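Okay, so here's the structure we're looking at.
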Amino acid sequence: MTKRSLMIAALMGSVALPPVSDAVAQSLALEEIVVTARKRDENIYEIPVSVSALSDALLDQAGITNGQDMSAYIPGLDFRQYDFGGRNNGNIRVRGMIQQIITPSTQIGALFWDGSYVGGGGGFLPIGDMERVEVIKGPQTAYFGRNTFAGAINYIPKQPGDEWEGDIELAWSPTDHDEFKVNAGVGGPIGSRMGVRIWAGYDRNGGDYSFDDGEPFAQFTDKSVSGTITYDATEDLRFKLTGYYTNAEDTSTGAGVKAPVPAGSCGIIYRGNIVDVVTGERIPFESDLSQLTIDSFCGEFPKDPVLEFPIARSPSAAQMFNSAQGIQGLTTLNPRSEDYGIIRKPQGGIGGWHQTHRLQLSAEYDVGDHTINLLASRAQTGTTTRVDFFYGIPFLGFVDPNSTFVIGTEIAIREFYYEARITSPQDQRLRYMLGLSAYNQHYNSFPDFARPTSAVDRQRSVTEGIFGSLDYDITDDLTLSVEGRYQDESFTAVEFGNPTLPCGIITICNETNSYDAFLPRVILSYQPMEGATTYASWSQSKLLGLATQAAFINSIAPDVISDAAVDVFGNFTPPQKNTQYEIGWKQQWDQWSMTLAMFYIDWKNQPFPAVIFLPSGGTSSFRGPGDSEYSGFDLEVNGQINDWLSISGQIAYSNGVMNDYLNFGSNERVGLAAPGVVASDGNPVRNHPEWTGSLSPVISGDFLDRPYFIRADYLYTGAHFTDYSRYNKQSARKQLNIRAGLEVSEGLQLEVFGTNINNTKVLPTTSGTTTSFNHAAGRAARKIFTAVPQAREFGVQLRASF
């Protein structure tokens with residue numbers, strides 16, 4: 001049955017069901033959504049900022065269990081919680097702005113826990129007990145500061161209510177390797193001044209695929225607890241203590257796909273420009289790809305790829321390319337990692353072992369008609385990852401096709417966040433807020449024991465800022481808002497490079513990169529009629545550049561980066577600058593609501609990684625700056641069609657174009673046979689679909705006097721190029737999910753669900769090509785290394801509330 005047939009069947013079948021009761025119809029009316037995107041409570045349809053919110057009810061009804069799931073329902077958001085390298089660092093992409101080098105200090109989109117910056121653990125942060133999730137698009141530096149260069153996500157946990165209440169969720173899917181989850185939360189008042197809420201969850205998800213030995217592949221197991229304590233010391237002084245702990249594991253994430261087009265069969269003539277990196281001169285070139293001596297993808301990734309997986313989750317020494325060292329790395333930490341305590345030891349196989357915890361204290365004090373807010377937060381995160389560097393497909397002619405190459409990374413992150421602010425009353429014509437914040441992060445990344453000469457990356461990042469806002473109602477309907485932050489940010493490379501070598505040109509030690517700047521936003525908002533808000537805004541944000549490694553590459557490969565080019569590139573790329581313009585319209589009617597935001601983004605000095613082939617063999621990474629620009633819109637619509645049918649949908653369009661970027665990578669040198677450094681001027685941004693969207697009709701009513709719902713989610717991700725050279729294209733991804741629930745007794749609901757019912761196998765947006773491997777027929781070929789797509793699955797869930 002086609003996706004369209006399934007959708008029509010669900011809608012037509014509802015006609016035969018009884019109509020919704022008056023009580024249910026009333027509960028389905030469009031509710032007021034309050035958000036805190038500007039550090040104060042505001043109606044989402046009145047705030048002159050592009051913000052989307054997912055309530056706890058929507059998270060439950062749509063079956064959203066992680067940040068990656070929720071991306072499909074938020075226009076302009078692509079939150080990758082894992083990729084082919086594991087769950088070390090989540091990658092938050094907003095409106096197509098993609099950061100290719102991901103560490104906590106380089107993120108362009110920031111994650112927050114109840115207002116406090118999350119530098120580590122975002123890939124496995126628990127969201128099973130959320131009051132709501134807010135996604136704020138565009139630079140949010142004035143209020144949130146650190147790394148909100150393109151936007152921010154704020155997880156807001158549930159608070160204890162005025163009465164004791166609890167809930168339990170049990171879910172199971174028999175698809176492939178069994179999946180199940182158990183979540184339970186309870187909270188309520190303790191006396192007249194204190195409240196407590198505690199939540200715990202166990203979630204085993206994924207595992208839709210298998211290693212060659214039958215062990216589950218890409219299965220995630222998360223054990224989490226979170227909690228909140230509130231205390232009203234007096235009528236004017238309120239405290240809140242919140243936090244979480246997660247212990248997470250996964251059975252690896254990266255698989256491979258072989259190139260399907262034989263050497264000599266690709267009929268593409270590729271035309272581009274190579275560049276003199278010193279003078280900047282562009283020189284046209286063309287390559288006849290029918291002359292390639294390797295198998296390739298010839299301009300298009302397969303729509304129905306055949307995934308290749310590592311031979312075993314726990315390979316033997318005989319199966320391992322790096323034999324003794326690899327075996328030792330499966331059970332042993334780098335000796336330097338053990339000193340941090342938070343980093344877990346690998347458990348004898350390929351996969352990831354992680355943990356993160358946070359403790360956060362906030363206070364709110366009313367002084368006259370003003371409010372003072374204080375916040376202090378401390379967190380630690382440790383991740384250990386072991387992957388097959390071949391991603392299931394060995395390369396190089398001397399590698400046994402039935403072998404694996406185990407490598408890994410061990411990361412420890414410690415972070416402190418402090419904030420204080422004072423806010424004026426909100427019921428006056430002139431309103432203001434003034435605050436300051438400080439963030440300190442220690443980031444330590446070590447290679448596994450099997451790679452003693454691989455680069456260490458130890459960073460110390462400090463961000464301090466003074467911020468404020470001023471809102472003035474020029475008339476009852478016209479408001480001017482001026483916001484800004486003076487920010488001082490520094491990044492120190494305590495140790496970066498080969499740990500066996502002394503500090504100097506190859507290993508960077510105690511070298512600081514910093515900037516200080518004023519970062520503004522100006523908003524003019526107007527309410528032309530009841531229920532409508534229009535606005536126009538201009539904002540700027542900055543973020544530090546990255547180490548280029550130009551001097552290191554020049555020291556061992558001067559033909560790749562010359563002495564003159566080293567002076568051009570320097571030690572660090574320049575600070576990044578994001579200038580963004582936005583025009584928005586928000587509208588609420590009795591049964592409908594709409595938000596529309598149109599934007600233009602100018603991103604200067606965007607750093608990009610390039611894989612450099614070294615004359616002595618192997619590769620290194622160069623980081624160079626580039627410029628890109630984006631234009632598009634985000635649209636969300638929600639409506640109550642009638643008593644039994646509601647609908648929600650969103651569409652996002654973002655046209656991302658590279659204005660200036662130079663490619664050194666293997667895609668250009670090997671896949672396109674380019675004679676030099678390739679310019680990507682005018683090409684689309686890599687791994688960025690221009691169009692995304694979702695459509696979600698929900699049928700609800702009473703069946704035998706019991707409430708029910710049927711929800712369908714049609715999710716769309718458009719086609720896009722997987723490289724900056726406008727060569728390999730990935731087709732559009734279309735997915736259909738269906739979920740239905742029936743209240744079998746008061747407080748007890750039974751649900752059934754199907755995910756990816758149409759069984760689309762299009763790869764995720766993080767997929768990319770890598771170096772050549774040795775084809776079974778004896779000839780070289782390209783391959784994709786990728787995180788696996790969600791497979792089709794069905795399951796059942798039981799919810800109980802009391």
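The values are calculated or read from the model by the stated rules, or taken from the named source; none is laboratory data. If you're wondering where the values come from, they're calculated on a predicted model, not measured in any experiment. Because the Cβ atoms are built from the backbone with ideal geometry, glycine has one as well, and the counts that use them run over all protein chains shown. Ligands, DNA and RNA are excluded from the accessible area calculation, which covers all protein heavy atoms including side chains. Shrake-Rupley method; radii C 1.70, N 1.55, O 1.52, S 1.80 Å.
Using a 1.4 Å probe over the heavy atoms of the protein chains, calculate the carbon and sulfur portion of the accessible area of the chain as a whole percent.
Carbon plus sulfur share of accessible area: 55 percent.
What list of ³J(HN,Hα) couplings, whole Hz, do you get for segment 753-759 from phi and the Karplus terms 6.51, -1.76, 1.60, once you set θ to phi - 60° and write x for glycine and proline?
For segment 753-759, the Karplus-derived couplings read 8, x, 10, 6, 4, 7, 6 Hz, x marking Gly and Pro.
Given the DSSP H assignment, sum -39500 (n - 2.57) over each helix run of at least 4 residues in the chain and divide by its residue total; what's the result at 222 nm in deg cm²/dmol, nearest 500?
-1500 deg cm²/dmol
Grab the Cα-Cα distance for SER562 and ARG193, subtract it from 0.36 nm times how many residues apart they are, and report the gain in nm with one decimal.
Working it through step by step, the gained length comes to 126.0 nm.
If N is the number of residues in segment 61-193, what value comes out of its Cα radius of gyration divided by 2.2 N^0.38 Å?
Output field value: 1.18.
So, counting K/R as plus one and D/E as minus one, what does the shell of residues with Cβ under 12 Å around ILE269 add up to?
-1
Considering only DSSP beta bridges whose two residues both sit in the chain, what percent are antiparallel, to the nearest 5?
Percentage antiparallel, nearest 5: 95.
Give the residue from GLY545, THR579, GLN527 lying farthest towards the positive end of the charge dipole for segment 488-619; charges sit on Cβ (+1 for Lys and Arg, -1 for Asp and Glu) and the dipole is referred to the Cα centre.
GLN527
Sorted by accessible area with a 1.4 angstrom probe, largest first, how do TRP644, TRP172 fall?
The residues order as TRP172, TRP644, largest area first.
Could you tell me the calculated FRET efficiency between TRP164 and CYS509, based on Cβ-Cβ distance and R0 = 60 angstrom, to the nearest 0.05?
Step by step, r from the Cβ atoms, then E = 0.60.
Take the Cα coordinates of segment 158-205, assign each an equal point scatterer, and use the Debye formula without solvent to give log10 I(q)/I(0) at q = 0.24, 0.26 Å⁻¹.
One equal scatterer on each Cα of segment 158-205 leads to -0.80, -0.87.
Starting from the Cα-Cα distance between SER55 and VAL482, subtract it from 0.36 nm times their residue separation and give me the gain in nm to one decimal.
Separation in residues times 0.36 nm, less the Cα-Cα distance, equals 150.8 nm.
Set the Förster distance to 41 Å, then compute FRET efficiency between ALA719 and TYR245 from the Cβ-Cβ distance, nearest 0.05.
E(calc), rounded to 0.05, equals 0.50.
Starting from the Cα of VAL752, step 7 Å along the direction of its Cβ; do the same at VAL462; then give the gap between the two resulting points in nm.
Taking the two extended label points, one gets 6.1 nm.
Consider a paramagnetic label point 7 Å from the Cα of PHE794 along Cα→Cβ; state which residues of segment 159-180 have an amide N under 20 Å from it.
Residues 170-180 fall inside that zone.
Convex hull over the alpha-carbon atoms of segment 726-802: what's its volume per residue in Å³?
Per residue, the Cα convex hull of segment 726-802 comes to 146 Å³.
Once each part is reduced to its C-alpha centroid, what is the distance from segment 260-330 to segment 741-801 in angstrom?
Taking the Cα centre of segment 741-801 as reference, the centre of segment 260-330 is 24 Å away.
Quick one: pull the percentage of alpha-carbon pairs in the chain with a separation above 54 Å.
Counting pairs separated by more than 54 Å, the tail of P(r) holds 9 percent.
Net charge near PRO48, counting Lys/Arg +1 and Asp/Glu -1 over other residues with Cβ under 12 Å of its Cβ?
Result for the local shell: -2.
Just the Kirkwood number for segment 323-476, please: inverse of mean 1/r across all distinct Cα pairs, in Å, one decimal.
19.3 Å
For segment 135-185 and segment 344-417, compute the distance between their C-alpha centroids and round to whole Å.
Between the Cα centres of segment 135-185 and segment 344-417 lies a distance of 18 Å.
Where does each of 381-394, 175-188 land if you order them by average Cβ count within 10 Å, highest first?
With the highest mean Cβ count within 10 Å placed first, the list reads 381-394, 175-188.
Which of the residue pairs LYS39/LYS604; LYS39/LYS137; LYS303/LYS761; LYS586/LYS734; LYS137/LYS240 have a Cα-Cα distance greater than 18 Å in the structure shown?
Violating the 18 Å limit, Cα to Cα: LYS39/LYS604; LYS586/LYS734; LYS137/LYS240.
What are the extents of the Cα atoms of segment 635-692 along their three principal axes, in Å, largest first?
65, 21, 10 Å, listed from the longest principal axis down.
How tilted is helix 3-15 with respect to the longest principal axis of the chain? Cα atoms for both, answer in degrees (0 to 90, nearest 10).
It works out to around 10 degrees.
For HIS688, which sequence-distant residues (separation of 5 or more, or a different chain) have an amide H within less than 5 Å of its own amide H, given hydrogens modelled in the peptide plane?
PHE721
What distance in nm separates the two pseudo spin-label positions at ILE283 and GLN428, each 7 Å out from Cα along the beta-carbon direction?
6.8 nm
Suppose the chain between TYR526 and SER555 were pulled fully straight at 0.36 nm per residue; how much longer would it get relative to their current alpha carbon spacing?
Contour length minus Cα-Cα distance gives 4.6 nm.
Ratio of Rg to Rh for segment 189-249, alpha carbon only, Kirkwood?
Ratio of gyration radius to Kirkwood radius for segment 189-249: 1.34.
What is the sum of charges around PHE449, taking Lys and Arg as +1, Asp and Glu as -1, for the other residues whose C-beta is under 15 Å from the C-beta of PHE449?
Net charge in that neighbourhood comes out at +1.
Quick one: which of 646-656, 788-798, 147-157 comes out on top by average Cβ neighbours within 10 Å, and what's the full order, highest first?
Output ranking for 646-656, 788-798, 147-157: 147-157, 646-656, 788-798.
Using a 1.4 angstrom probe, figure out how much accessible area the chain has per residue, in square angstrom, rounded to the nearest whole.
39 Å²
What's the percent breakdown of Cα-Cα distances in segment 119-210 across 10 Å bins, shortest bin first?
14, 29, 28, 24, 4, 0
Treat each spin label as a single point 7 Å out from the Cα along the C-beta direction, and report the VAL744 to SER265 distance in nm.
So the two model labels end up 5.3 nm from each other.
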